Amino acid sequence: MDQKQNLSVNVWLDQELLRAMRSNSSLKEKVAEIFDLLQEPVYRYLLVAVGEVQEAEDLTQEVFLRLFRCLDKGQVVLNIRAWAFRVAHNLAITRQKKAAVLTSLNVEALEKRPAPGDIERALLEQEQYARFEKALASLGPEERRCLDLRAEGLTYREIAEVMGMRPPNLFKFLGRVMSKLMRETYD
């Protein structure tokens, strides 16, 4: 998905979330509608973060259960999407601390098939892919989470909110992460 499409999807999603929160529906119906809108991206983020389908499903349910409890207590959530990813982020960190296991990104989907007859090019691509995979594996959990959140379409401001950083600090942090990936992949 290119950046313009991603932006329009995010704007649409934010409008739908706002509409759901402002509706005259019951709290249960509002959270169910928010669940329908955010369940898939939150689940994908958690699946990458924890690496287990069942665990990601359970944590996804927990995110929306916590949203219901939060709203039921009368708390105000200004940015539902950022709030949901922040809770998902914290749940993933807690789970990883308990399990003491870091998972790696499933990059098999990124693998390219070489063109027939172009063995040298295919070997170079495989070598570059291996360096990229190694560079990803060398990232710390916080660096990976930033990239995962960006891949889920969150804005820099939302990622900063999720990660508990100021936007300028996040921008510099992500710049260093990207430089590190480029250096380790192409040097």
I'm checking my understanding of the structure. Among residues of region 136-159 that are among the aliphatic types (A, V, I, L, M) and surrounded by fewer than 18 Cβ atoms within 10 Å (Cβ to Cβ), which one is modelled with the highest pLDDT? Ala137
Cβ pairs under 8 Å, 6+ apart or interchain, first in region 21-37 and surrounded by fewer than 14 Cβ atoms within 10 Å (Cβ to Cβ) and modelled with pLDDT of 75 or more, second of a type outside the set (D, E, K, R) and not in a helix (DSSP H, G or I), ordered by first then second residue, are Glu29/Ser23
Of everything in region 56-82, what is over 17 Å from Lys28 (Cα atoms) and modelled with pLDDT of 90 or more? Give them in sequence order. Ala56, Glu57, Asp58, Leu59
Being of a type in the set (Val, Ile, Thr) and under 21 Å from Ile93 (Cβ atoms) is the filter; apply it to region 160-187 and report the residue that is surrounded by the fewest Cβ atoms within 10 Å (Cβ to Cβ). Val177
In region 136-164, the residues that are over 10 Å from the mean Cα position of the chain (by Cα) and not in a helix (DSSP H, G or I): Leu139, Gly140, Thr155, Gly164
Listed residues Val177, Val162, Val107; which is modelled with pLDDT under 80 and not small (Gly, Ala, Ser)? Val107
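The values are calculated or read from the model by the stated rules, or taken from the named source; none is laboratory data. Keep in mind it's a predicted model, so treat the numbers as computed, not measured. Glycine gets a Cβ as well: all are built from the backbone with ideal geometry, and neighbour counts include every protein chain shown.
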